[in-house]
Amino acid sequence: MFQKLRSWFQKAANHEAIAQMKREANLRLEQRNFVEAKATLQEVLQLDPHEEESGIALVNVLLRLKQPEEAYALFQSMLAEYPQHADLVLLIADGFQQTEQWEKLHQLLIESSQRYPEHQDIRLALANEWYAQGKLQEATKELQYIVKQDPQHVQAHLGLAYCYIGQGLKSEALGQVEKIKPLAPQQADALLSKIYENVENF
């Protein structure tokens, strides 16, 4: 009985300590004191490794401090199994871009597209990364997956058109123009001009 009572008091004390530290962390964030906010949030997670709100806050703080690698490690250990946190991947990807860690960015996007196969923005980011590397067939596969899931995804159709232009596939590029026209007429017209600017590639 005394053991249970001691355990209850310990949990109550931890709960109050966590609440106080979270208030301190919020104050530090308001002051844009990210170094101290990081330390406080890490203390919270030492007391409760499953404190989700603090985990999300710490990922964002680490990105503010330009520490995307540490942010991704925390994401992997704590938040990656929850689909509602998939958007954090895009923030971490942006952190890797800002710090020019291209290999880690690519690895993150490949792993995340496998973990969250239905997340269109992650697949679009991966397609953009493949395109930037000149790997147009790989980019095309990602974009085709997106438009299969969402036939009205304008950015994916545009991406496909540029991949087809790069591969000299004029009829396929023009096909994307027809799909974009009812969704975004101005972008379709701009794309059509781009196709004929590159007529020598076909």
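Nothing in this text is a laboratory measurement; each read-out follows from the coordinates by a stated rule. Since the structure is predicted, the reported quantities are computational estimates derived from the model, not experimental observations. Using ideal geometry, Cβ is built from the backbone for each residue, glycine included, and neighbour counts are taken over all protein chains shown.
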Practice task
Would you mind calculating the gained length between residue 174 and residue 121 on full extension (0.36 nm times residue separation, minus the Cα-Cα distance), in nm to one decimal?
Solution key: 16.7 nm
Exercise for the section: Specify the inter-centroid distance of the stretch 68-104 and the stretch 134-162, based on alpha-carbon positions, in whole Å. Expected result: 23 Å
Handout entry: Tilt relative to the chain, helix 136-149 - C-alpha long axis, 0 to 90 degrees, to 10
Key = 80 degrees
Exercise for the section: Give the Rg (one decimal place) followed by the Dmax (whole number) of the stretch 58-108, computed from C-alpha coordinates and expressed in Å. Expected result: 9.9, 27
Exercise for the section: Could you state the angle between the C-alpha long axis of helix 52-64 and the longest principal axis of the C-alpha atoms of the chain, as a value from 0 to 90 degrees rounded to the nearest 10? Expected result: 60 degrees
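Determine the gain in length on full extension of the stretch residue 141-residue 181; use 0.36 nm per residue of separation and subtract their C-alpha separation, reporting nm with one decimal. Kindly include the intermediate steps, with their values, before the conclusion.
Values: separation 40, 0.36 × 40 = 14.40 nm, distance 2.21 nm.
In short, 12.2 nm is gained.
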Practice task
Select from 122, 37, 173 the residue farthest towards the positive end of the dipole of the chain; place +1 on Cβ of Lys and Arg, -1 on Cβ of Asp and Glu, and compute about the Cα centre.
Solution key: 37
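Extension gain residue 198-residue 133, at 0.36 nm per residue separation less the Cα-Cα distance, in nm?
Working: separation 65, 0.36 × 65 = 23.40 nm, distance 1.98 nm.
This chain segment gains 21.4 nm when fully extended.
Under a point-charge model restricted to the Cβ atoms of Lys and Arg (+1) and Asp and Glu (-1), what is the dipole moment magnitude of the chain relative to its Cα centre, in debye to the nearest 20? Kindly include the intermediate steps, with their values, before the conclusion.
Numbers: 20 positive and 28 negative charges, 57 e Å.
That gives the chain a dipole magnitude of about 280 debye.
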Exercise for the section: Using only Cα atoms, tell me the angle between helix 102-115 and the longest principal axis of the chain; keep it within 0 to 90° and round to the nearest 10. Expected result: 90 degrees
Handout entry: Projected label distance in nm at residue 39 and residue 98, using a 7 Å step from Cα toward the beta-carbon
Key = 2.2 nm
Problem - Mean Cα-pair separation over length for the stretch 1-102, i.e. relative contact order, pairs under 8 Å, 6 or more apart, % - result: 19 percent
Fill in the blank from the handout: Taking the reciprocal of mean 1/r across every pair of different Cα atoms in the chain, the Kirkwood radius in Å is 19.7 Å
Problem - Fraction in percent of alpha-carbon pairs per bin - 10 Å, the stretch 117-202 - result: 20, 51, 28, 1
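Do you know the relative contact order of the stretch 68-202, to the nearest whole percent, from alpha carbon pairs under 8 angstrom that are 6+ apart?
Details: 129 pairs, mean separation 18.5, N = 135.
Computed value for the stretch 68-202: 14 percent relative contact order.
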Fill in the blank from the handout: For the table 66/141; 22/104; 148/181; 141/179; 104/194, the rows whose alpha-carbon distance is greater than 25 Å are 66/141; 22/104; 104/194
